[in-house]
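Have a look at the structure below before the remarks.
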Amino acid sequence: MSAKREAHEQLGGGLLEGNIPSLVAAAHELKSPLALMRQLSLMLEAGDLSVMESQRMLRQISLTSERALRLTSDLTRSARLDDAMFNLEPINPQQLCEDIVHELTPLFNAYGRDVRLLPRRHPLLLVANRDLLRRIIMNFSDNALHYANSNAAIEIQIKALNDGQTIRLGVRDYGPALSSDMWRTLQGKLTSAPQSVHARPQSSGLGLYISSQFADAMHGKIGITRHRDGATFYVDLSASHQLSLL
Amino acid sequence: MKKPLILIVEDDAWLAEQQARVLRQAGYETSFAPHAIAAIEAVDDVHPDVIMLDVLLTGSTAFALLNELQSYGDTGVIPIVLCTNLAADIKLDDVRPYGVKRILDKATMAPDDVVAAVRSVL
């Protein structure tokens, strides 16, 4: 059994069969948004806020709950990957990423940030499952929102590699440079099952691991490029040859 | 009279915003750092009277920051309040040598608890 497969068993099976580290990781990831929503609710309950402040807090609660729900939805999807048939179809990544930018803009704006898609002159087609690919890019974008500098936009990039055989969708953030230790840890998180927060205090890596599983189901892979001023999280998928037939 | 300044080290900007609001209403000045590197710079810049510190931070954990603070005589005496989702897993006696005076549990605390915690360590 491959390491990735073993890891998949740990998470996918774990959530259903009582794998404690996976459950701890999921619980930990959900604890932060729940704690924030509770604090905001208590503030609202106490009153003594201007209308503008109240509206801002209600918006924050709504957007935070959406992020938490996305994670729960990804978890259930991840646990059922083996049971489901996923249609792989030719997808225009430009259109998909435009939709994602449109969907994420309210959340980013609420944090005073910007997310944008870098324009491409030539259209590309890749082979993927639309829902899984969307979840991967949303995951990367959520990650970037959390870790990037507050004054820099998050960029979604689409590139053709290997003479057009591979399409890379990347989410570039501008933030503190990753230390070598952090870099090695992140590399491990791309393919390892999430561990207890005691073992990896800074993050369980659950979102990355789920993204890795989704990419695997589409015969793709995810990775990270380290920059001096941030990082790019990417997914590589096969190009569709349908475009060349047009 | 100069208001005490509380440095909030928290990678969740919205939670930091809430803590800052409550502390300002209680008469404190606040400053914000989203990660350990920014926190070290902020400590040099604003000389906080108390540090309100999350444990799970981007990049380094709070413990790297605590070690750094303990390395210098002037920063080692700044009282620290840990505000974390891992409160149940951290014993105050274990972190007291790092300058930690109080631990708040994000999952159960009330908004005013940050004010009470800061008052108790000043």
Looking at region B:1-58, which chymotrypsin sites (Phe, Trp or Tyr not before Pro) are DSSP coil and have at most 13 other C-beta atoms within 10 Å of their C-beta? none
Within 10 Å of the Cβ of an average residue in A:51-58, the count of other chain Cβ atoms is 1
Excluding residue A:152 itself, calculate the net charge of residues whose Cβ lies under 13 Å from the Cβ of residue A:152, where each Lys or Arg counts +1 and each Asp or Glu counts -1. -1
Sorted by chain and then number, the residues having a modelled amide H within less than 5 Å of the amide H of residue A:230, at least 5 places away or on another chain, are A:175, A:177, A:178
Which residues in region A:32-61 place their backbone N less than 11 Å from a point set 7 Å from the Cα of residue A:72 along the Cα-to-Cβ direction? A:34
Take residue A:221 and residue A:160, extend 7 Å from each Cα along the Cα→Cβ direction, and tell me the distance between the two endpoints in nm. 2.2
Please compute the modelled spin-label separation between residue A:23 and residue A:174, points set 7 Å along Cα→Cβ, answer in nm with one decimal. 4.4
To make sure I understand the rule: partners must be aspartates and glutamates, Cα under 13 Å from the Cα of residue A:31, and not fewer than 8 residues away in the same chain. Which ones qualify? B:12, B:105
Could you state the number of Å between the C-alpha centres of region B:96-122 and region A:56-131? 37
Per DSSP loop assignment and a cutoff of at most 15 other beta carbons within 10 Å, chain B keeps its longest run without exposed trypsin sites (Lys or Arg not before Pro) at B:3-90
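Every number here is computed from the coordinates shown, using simple stated rules; none is lab data. On a predicted model such as this, the values are computed, not experimentally measured, just so you know. Every residue, glycine among them, receives a Cβ derived from its backbone with ideal geometry; neighbour counts consider all protein chains shown.
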